Amino acid sequence: MSSIKMSDSKGDETPNVPDRLRKILQPTEEEKEFRLKLYPDVAVVEDAKILCTICQKDVKHVFLLKNKSYKHVFLRVAVCKGCMKFYDDGDFSVDEDGDDKYCRWCGQGGTLCLCSKCPSTFCKKCIRRNLERKYQLLVEKDDWKCLFCDPKPLYKLRALSWAVDEHLANLKKKEEAQKKRAENTPKTPKVGKSKPLILKVEKCPYPDFDIDQMDISDHIETMKLWMDDMFGSLGRTSSSTFNERHLNEIRSMKTPQDFLTAKS
């Protein structure tokens, strides 16, 4: 059985972070292939369940809606902002043998399992919370290798974290492309009230045209003919709907010029 230690919460001692932890776990070619196979379309994370691997808090809304993801400083798995802040830079104290006094996943104490190859320790609570049953049995063996020495058990969790980042990056690129297209698209003038058609008449062809003296019932047709002559095709279109109401509206006008001004 692997070495088991009991400890309290993270202490105040802060020696330098071990060199073995300074380099963040980089994915191997094998792990990269695993990610692509598991997430051929990273957009599926929209429907995935995304929890903090330390406190099990739902972080999906933070990651996707706020376009902000948080990852474990060493393991590169999903964590919430609070747990990431508590873990800080992982500069934990060690015991007299040089072994970690706190879990390398959550940064707290508890029942710790010591790696057979390095001084790293992981608490059973984190292992039970995140990893499969068959792996939980492995930590009981004397030759157990921790998640730094053998990160394969983390592939699935790391792939999810990677897919979230890729999806957020794709969304950002799409948003920037749409913004750029909008900037390059000519702006369409605002649609407002169209300007009225203004027809200018230098000289009235009917100087003696007296609307005040016209009898409405007798001279509707005369007015239509006048509109046809004055406006051409436009007059023919307008005169087709000309009636007594229109003539009443212009009875107070003295000349056809006044009529044209009113129409404009």
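Here are Asp143, Asp150: which of them is farther than 25 Å from Leu36 by Cα, at pLDDT 85 or above and either of a type in the set (D, E, K, R) or assigned to a loop (DSSP other than H, G, I, E, B) (or both)?
After applying the criteria, what remains is Asp143.
Is it true that some residue in the range 103-122 is among the aliphatic types (A, V, I, L, M), modelled with pLDDT under 95 and within 16 Å of Pro151 (Cα to Cα)?
As a first pass, look at the range 103-122 and keep what is among the aliphatic types (A, V, I, L, M): 112, 114.
Remaining after also requiring modelled with pLDDT under 95: 112, 114.
Those left that are additionally within 16 Å of Pro151 (Cα to Cα): 114.
Checking the range 103-122: at least one residue is among the aliphatic types (A, V, I, L, M), modelled with pLDDT under 95 and within 16 Å of Pro151 (Cα to Cα).
Residues are listed down the side, and each one gets a yes or a no for (1) surrounded by 18 or more Cβ atoms within 10 Å (Cβ to Cβ); (2) assigned to a loop (DSSP other than H, G, I, E, B):
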residue	(1), (2)
Gly90	no, yes
Gly98	no, yes
Cys103	yes, yes
Cys106	yes, yes
Thr111	no, no
Lys117	no, yes
Phe122	yes, no
Cys126	yes, no
Arg129	no, no
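How many residues does the range 56-80 hold that are among the hydrophobic types (A, V, I, L, M, F, W, C) and farther than 16 Å from Ile127 by Cα? Before the answer, list the steps.
Step one: of the range 56-80, the residues among the hydrophobic types (A, V, I, L, M, F, W, C) are 59, 62-65, 73-75, 77-80.
From the residues that got through so far, the ones that are farther than 16 Å from Ile127 by Cα too are 59, 62-65, 73, 80.
Number satisfying all stated conditions: 7.
Quick one: is Arg76 among the basic types (Lys, Arg) and not in a loop (DSSP other than H, G, I, E, B)?
Working: among the basic types (Lys, Arg): yes; not in a loop (DSSP other than H, G, I, E, B): no.
No.
Filter the range 32-71 down to residues that are closer than 14 Å to Trp162 by Cβ, surrounded by 12 or more Cβ atoms within 10 Å (Cβ to Cβ) and without any contact (Cβ under 8 Å) to a residue 60 or more places away in the chain, then give me how many there are.
The qualifying residues number 3.
The values are calculated or read from the model by the stated rules, or taken from the named source; none is laboratory data. Keep in mind it's a predicted model, so treat the numbers as computed, not measured. Backbone-built Cβ (ideal geometry, glycine too); neighbour counts: all protein chains shown.
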